[in-house]
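**Q** Before I ask anything, let me first share the structure, which is written out below as structure tokens.
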Amino acid sequence: MVRTPRWQHRPVRTPPPQFLLLGSICSVQFGSAFADKLFDQAGPAGTVLMRLGLSALILIVAVRPRLRGRTRLDLYNVAAYGLVLGTMNWTFYEAIHRLPLGVAVTIEFTGPLVVAAIGSRRLLDGLWVLLAAVGVLLLAFAGSHHGVTKMGVLLALIAGACWAAYIVTSKRVGTTFSTMDGLSIALCFGTVVALPAGIIEGGSALGRPSVIAGGLGVALMSSIIPYSLELTALRRLSAATFGLLMSLSPAVAALAGVITLGQRLSAILLVALGLVVMASVGTTLSSRRTPLAETPATP
């Protein structure tokens, strides 16, 4: 009788979902800091073009999504999802070119906060959004002497609005496409959005091996790795836990900016960041426990 080795009976242990989500957040924010280093060569638009295009290429090869049998409405929904995704990433990269990374993520984070407040329709959640708005206004007007520009704030707010639209469109796509199928197709549409400005701004730099390698690193750190980690984590996390952990994004982004880019955060910027993080935590704690969708929430 042949005995099966003991190791084959042992269940495969996966890390706790909280660690997976924290890994996703760190990957996204440090990926954004790394992308900032490519701006001098390819510009924000050229960098986001490489991120979206290479991410789309990797997922298309890995997933091989099928369009056959889809209705016209399905295609419209996934196209809208991709257009929002492309615009969100483009405006966000333009924002971090003009703002400290932690500031840009803090302002962008108001997008999902507004979606959460509208979805709950509670007065308390409206107050949390107001608190976040105070933080953003503090950044816009008091942060002008701390590396914060009004154009950067405007671009980050547009990225936040796109993040809100991303949440809505991703849910529609998630009802008819499997998560990775819908995402891979949407990334193709997002690449089209960034294509004209990316080619104009990136120019010949997009053909340099070093820039392509950097773009591949950004694609892996900001898209492929975090989406994969989130997909695994979301299956075992409650909405409340997910929201609380995502609230750490502005703080992780600020840390990534300090470590990777040598950016400094003044007391005013820290207070403003703290207000938005408090608003996010408050919104999460006051919301009901609802099941999470399987579509990744990381932009």
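**Q** Please pick out the residue among SER266, SER280, SER286 that is out of contact with any helix residue (DSSP H, G or I) (no Cβ under 7 Å at 6 or more places or on another chain) and modelled with pLDDT under 85.
**A** Details: SER280 fails: out of contact with any helix residue (DSSP H, G or I) (no Cβ under 7 Å at 6 or more places or on another chain); SER286 fails: out of contact with any helix residue (DSSP H, G or I) (no Cβ under 7 Å at 6 or more places or on another chain).
Step by step, each of SER266, SER280, SER286 is checked, and only SER266 is out of contact with any helix residue (DSSP H, G or I) (no Cβ under 7 Å at 6 or more places or on another chain) and modelled with pLDDT under 85.
**Q** From the list LEU99, LEU83, pick out the single residue that is of a type in the set (A, V, I, L, M) and within 19 Å of LEU49 (Cβ to Cβ). Spell out the reasoning first.
**A** Numbers: LEU99 fails: within 19 Å of LEU49 (Cβ to Cβ).
Just a single option satisfies the conditions, and that option is LEU83.
**Q** Another question about this same structure. Just give me the residues in segment 149-204 being under 20 Å from ALA62 (Cβ atoms) and either of a type in the set (Val, Ile, Thr) or not in a helix (DSSP H, G or I) (or both), in sequence order. If you could, list the steps in order and put the result at the bottom.
**A** We begin by selecting, within segment 149-204, every residue under 20 Å from ALA62 (Cβ atoms); these are 170, 173-174, 177-191.
Correct list: VAL173, PHE177, SER178, THR179, ILE185, THR191.
**Q** Also, quick follow-up: Can you tell me which residues in segment 219-228 are surrounded by 24 or more Cβ atoms within 10 Å (Cβ to Cβ) and either closer than 18 Å to ALA42 by Cα or more than 13 Å from the chain's Cα centre (by Cα) (or both)?
**A** ALA219, SER222
**Q** Among the helices (runs of 4 or more DSSP H) contained in segment 205-289, which hold 2 or more residues that are touching a Pro at 6+ places or on another chain (Cβ under 9 Å) and either in contact (Cβ under 8 Å) with a residue 24 or more places away in the chain or closer than 22 Å to ILE60 by Cβ (or both)?
**A** 225-234, 239-246, 249-261, 267-286
**Q** In this structure, does VAL84 turn out to be farther than 16 Å from SER32 by Cα and at pLDDT 90 or above? Break it down stepwise before answering.
**A** Details: farther than 16 Å from SER32 by Cα: yes; at pLDDT 90 or above: yes.
Here the answer is yes, as VAL84 does meet what is asked.
**Q** So is PRO196 without any contact (Cβ under 8 Å) to a residue 60 or more places away in the chain and within 13 Å of VAL48 (Cα to Cα) or not? Even if it seems obvious, please write down each step before you answer.
**A** Details: without any contact (Cβ under 8 Å) to a residue 60 or more places away in the chain: yes; within 13 Å of VAL48 (Cα to Cα): yes.
When the stated conditions are applied, PRO196 passes them.
**Q** Another one. Can you tell me which residue is surrounded by the most Cβ atoms within 10 Å (Cβ to Cβ) among those in segment 164-177 that are in contact (Cβ under 8 Å) with a residue 60 or more places away in the chain and farther than 25 Å from VAL105 by Cβ?
**A** Within segment 164-177, the first condition is being in contact (Cβ under 8 Å) with a residue 60 or more places away in the chain, and the residues that meet it are 165-167, 169-174, 176-177.
Retained after the next criterion (residues that are farther than 25 Å from VAL105 by Cβ): 172, 176-177.
Working: ARG172: 18, THR176: 15, PHE177: 24.
Out of the qualifying residues, it is PHE177.
The values are calculated or read from the model by the stated rules, or taken from the named source; none is laboratory data. Not measured: the values here are computed from a predicted model. Note that we place each Cβ from the backbone using ideal geometry, even for glycine, and neighbour counts take in every protein chain shown.
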